[in-house]
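Chemist: Please find one structure pasted underneath; my questions will follow.
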Amino acid sequence: MTNDATAATAAYIDGLGADSLAKAAAYTTGGHWLLLWGLVVSAVVTLVIVRWGVLDLVEARLGRRGPNVRAFVVGVVYFLVSALITAPWSVYEQWWRERAYGRTSQPLGDFLGQGLLSILISSLLGALFFVGVYALIRRAGRAWWIWSAGLTAVAVSALLLAAPVVIEPLFNDYKPVPAGEVRDAVVVMAKRAGVPEDHIFVYDGSRQSNNFTANAGGVGSTARVAISDVAFKGASFDEVKAVTGHEIGHYVLHHTWRAVGLLCALAVLFFFLADRLFASFARAFGSRASLSQPAGLPVVIFMAALFGLLAEPVSNALSRSAENEADLYSLETVNLPDALATALVKTAEYRNPRPSLLEEWVFYDHPSVERRVLRAMEWKASHGAK
């Protein structure tokens, strides 16, 4: 049984061809290096903004305004200036490199326009969040870092609730799955799982990416399953059912809330470390700001970037566990292991399907495609699946 499953898995992966596998490996490895280079870019941006003194100047000119106004304005200025400085890097990382590997067909003008909109939204939301953080630093005393983790939970939950209906439609067009056999099958699957039938959409993901993808997002009344038109148009009937089953699995198994819980736990640790180590990082960058001053925000953001990079193996492990569970849910409820396997192989074009164990453990937020296909083939062998 195991030998048959292994042989079937090898046939699926090898079917991509040596050139495609080599390209996927190069793309994936390069993406890992981008994480390190991104941290270097973050350090450079922090150094430039601190030495430039623009935030100190803004905060000084707002001296007579209330602390919340100062924190908000300084936050907005920081996020906008940071985005301006990193614009060349963002174009390279998110557009030029993606286009070079055939992962996007998006025109540069559209990329820049959507990027500007994203910067404006993230700057406003980021500034509002740090208004709350700085208020807690002033009022909660030495326990500010615990309260800030609670604020993180509230902010993330609010964003998860609002994003599907307020933010994401600004970037893509979401429509109900078109009438036909696919919709009929998907509606049956959704009802069985308690997912409202009008919460399953197809969206124009091809606008930004050529990747074969889908996602489960939102919480409560805004929870939904969204399938990119790349996956919808490039998948067979059975593949759509298998992928939808996987995404519904995320919803049924409450993976969003599990991720929120982990984020809050990491936020507790980060804010605790920020409370203890901010002064040392500030000196290293030449900043005279204290932790309670909004002018110190660049240092805080760099610390968050560093902490996020170091915490990746932990967050990735939770994500891989959730993906395994969603695969199993699809296998148990849809029972189309070959369709799930062929759908997964399509994602191997941009995710090396055969990483080393160490590479997978450190960098992969999904189990390797080879491992996932093998599990599907083992399921097929042991359950007499289709």
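The values are calculated or read from the model by the stated rules, or taken from the named source; none is laboratory data. Nothing here was measured: the structure is a model prediction, and the numbers come from that model. Cβ coordinates were reconstructed from backbone atoms using ideal geometry, including for glycine residues, and neighbour counts include every protein chain displayed. The accessibility values were calculated without ligands, DNA or RNA, using every heavy atom of the protein model including side chains. Shrake-Rupley method; radii C 1.70, N 1.55, O 1.52, S 1.80 Å.
Chemist: Given charges of +1 on the Cβ of Lys and Arg and -1 on the Cβ of Asp and Glu, with all other atoms neutral, how large is the dipole of the chain about its Cα centre, in debye to the nearest 20? Spell out each step's value before the answer.
Modeler: Numbers: 33 positive and 32 negative charges, 340 e Å.
Approximately 1640 debye in magnitude.
Chemist: Could you tally up the Lys pairs in the chain with alpha carbons closer than 28 Å? Skip any pair fewer than 8 positions apart unless they're on separate chains.
Modeler: Close lysine pairs found across the chain: 20.
Chemist: A further question on this structure: Please compute the per residue accessible area over the range 1-146 with all protein chains in place, 1.4 Å probe, rounded to a whole number of Å².
Modeler: Computed with neighbouring chains in place, this is 55 Å² per residue.
Chemist: Would you mind pulling out the separation of the Cα centroids of the range 3-50 and the range 171-234, in Å?
Modeler: Taking the Cα centre of the range 171-234 as reference, the centre of the range 3-50 is 27 Å away.
Chemist: Per residue, how large is the accessible surface of the range 265-386? Use a 1.4 angstrom probe and give square angstrom.
Modeler: Averaged over the residues of the range 265-386, the accessible area is 43 Å².
Chemist: I'd like the FRET efficiency for LEU309 and ILE167, computed as 1/(1 + (r/R0)^6) with the beta carbon distance as r and R0 of 25 Å, rounded to 0.05.
Modeler: Taking R0 as 25 Å, the efficiency between LEU309 and ILE167 is 0.50.
Chemist: Right, another one. Filter the GluC sites (Glu not before Pro) in the range 1-106 to those in DSSP coil with at most 10 other Cβ atoms within 10 Å of their Cβ, and list the result.
Modeler: Working: sites: GLU59, GLU93, GLU98; in loops: none.
Here no GluC sites (Glu not before Pro) fit, given the DSSP loop and packing criteria.
Chemist: Quick check: residue separation of VAL44 and THR29 times 0.36 nm, minus the Cα distance between them. What number comes out in nm?
Modeler: 3.1 nm
Chemist: Please compute the contact order of the chain in relative form: average sequence separation of alpha-carbon pairs under 8 Å and at least six residues apart, divided by the residue count, as a percent. Provide the component values of the computation, followed by the final result.
Modeler: On the way: 476 pairs, mean separation 92.7, N = 386.
Relative contact order for the chain comes out at 24 percent.
Chemist: Another question, then. Which FRET efficiency, nearest 0.05, do ARG283 and SER122 yield, Cβ-Cβ r, R0 25 Å?
Modeler: Step by step, r from the Cβ atoms, then E = 0.30.
Chemist: Hey, another quick one. As an exercise, take the mean of 1/r over every pair of distinct alpha carbons in the range 165-265, invert it, and state the Kirkwood radius in angstroms.
Modeler: On the way: mean 1/r = 0.0718 Å⁻¹.
After inverting the pairwise mean of 1/r, the radius is 13.9 Å.
Chemist: Say each of TRP257 and ALA140 gets a label point 7 Å from the Cα, pointing the same way as Cα to Cβ; how far apart are those two points in nm?
Modeler: The modelled label-to-label distance comes out at 2.3 nm.
Chemist: Report, in order of residue number, the helices in the chain meeting two criteria: a C-alpha extent of 27 Å or more along the helix axis, and a mean Kyte-Doolittle hydropathy of at least -0.5; treat each whole DSSP H run as one helix.
Modeler: Span-like helices, by this rule, are 18-52, 67-91, 108-139, 255-285, 297-333.
Chemist: Round to a whole number: what % of the accessible area of the chain belongs to carbon and sulfur, probe 1.4 Å?
Modeler: 64
Chemist: Once you compute Rg and the Kirkwood Rh from C-alpha atoms, what is the Rg to Rh ratio for the chain?
Modeler: Ratio value, two decimals: 1.00.
Chemist: Also, quick follow-up: Amide H of PHE201 versus every other amide H placed in the peptide plane: which residues, excluding those fewer than 5 positions away on the same chain, fall under 5 Å?
Modeler: VAL225, ALA226, ILE227
Chemist: With θ set to phi - 60° and the Karplus curve 6.51 cos²θ - 1.76 cosθ + 1.60, what are the ³J(HN,Hα) couplings of the range 166-174 in order, to the nearest whole Hz, using x for Gly and Pro?
Modeler: Taking θ as phi minus 60°, the curve returns 10, 8, 4, x, 6, 10, 9, 9, 9 Hz for the range 166-174.
Chemist: Just the accessible area for LYS241, please: 1.4 Å probe, Å², rounded to the nearest 10?
Modeler: About 50 Å², ignoring ligands and nucleic acids.
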